[in-house]
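Accompanying notes for the structure given below.
The values are calculated or read from the model by the stated rules, or taken from the named source; none is laboratory data. Predicted model only: the values in this text are computed from it and were never measured. Neighbour counts are summed over all protein chains in view; Cβ atoms, including those assigned to glycine, are modelled from backbone coordinates with ideal geometry. Heavy atoms of the whole protein, side chains included, go into the accessibility calculation; ligands, DNA and RNA do not. Shrake-Rupley method; radii C 1.70, N 1.55, O 1.52, S 1.80 Å.
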Amino acid sequence: MVARYYRELLNFISKTSKDRDAAADIVQESYARVLAAQQSGSTILEPRALLYRTARNLQIDAYRRSEARGDHAELADVEAAEPLALRAAPIFEPEVAASSNEHVQAILAAIGALPLRCREAFILHKFDGLPQAEVARRMGISPKTVEEHIRKAMTACRQCKDALDRASGLDGLDGRASPPSSSL
């Protein structure tokens, strides 16, 4: 698992952190936590997703600590660099945690249901952080085709998220419940 995801995760965390050494520390701590969970007997169905989520949580914690100390360390456009499936909802209650996990699993399932080449282009671009031109080169297709694959995958993810939000009664991106509708 370490060799398989280390560089990918380090590149992802480095995008949103100005300090590559701090990113390496976060990735190392993420691996330590996931491996400890595995060794404790916990069944981990998606180790890659758990690694990403753990790393993002550690990065957010480090950012909050630096803000509290007044260091004002910056996270470079965290939302833009983070894959849609890994964006975290604030977890205050067990129900929210369970719902968040269900959302992640549903979006990962939506990505898994994409046609193979579409899914490959999307993962290379969004998860591995490769530019579209590099994805096109690796896959032996045109940049325009890569763009179409990514657009199709993003649409599938948005539709999945919208369906989940409608099913859970959430309105928009802020996660607040929509007000009850009036019958008048």
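Taking the conditions (1) of a type outside the set (S, T, N, Q); (2) modelled with pLDDT under 75; (3) closer than 25 Å to Lys15 by Cβ; (4) outside any loop (DSSP other than H, G, I, E, B) in turn, Asp174 satisfies each one other than (4). The residues listed here are Ala89, Ala85, Ala133; of these, the one that is open to solvent by less than 80 Å² (accessible area, probe 1.4 Å) and at pLDDT 55 or above is Ala133. For region 36-49, the candidate set comprises residues that are among the aliphatic types (A, V, I, L, M) and open to solvent by less than 60 Å² (accessible area, probe 1.4 Å); within that set, the residue that is farthest from the chain's Cα centre (by Cα) is Ala36. Among the residues making up region 110-127, a single one is loosely packed, with under 15 Cβ neighbours inside 10 Å and in contact (Cβ under 8 Å) with a residue 40 or more places away in the chain: Ala113. Based on what the data block shows, is Glu67 charged (D, E, K, R), in contact (Cβ under 8 Å) with a residue 60 or more places away in the chain and either in contact with a strand residue (DSSP E or B) (Cβ under 7 Å, 6 or more places away or on another chain) or open to solvent by 40 Å² or more (accessible area, probe 1.4 Å) (or both)? Judged against the criteria, Glu67 is not a match. Hey, any hits in region 8-25 for a residue that's of a type outside the set (A, V, I, L, M, F, W, C), at pLDDT below 80 and open to solvent by 20 Å² or more (accessible area, probe 1.4 Å)? For region 8-25, residues of a type outside the set (A, V, I, L, M, F, W, C), at pLDDT below 80 and open to solvent by 20 Å² or more (accessible area, probe 1.4 Å): present.
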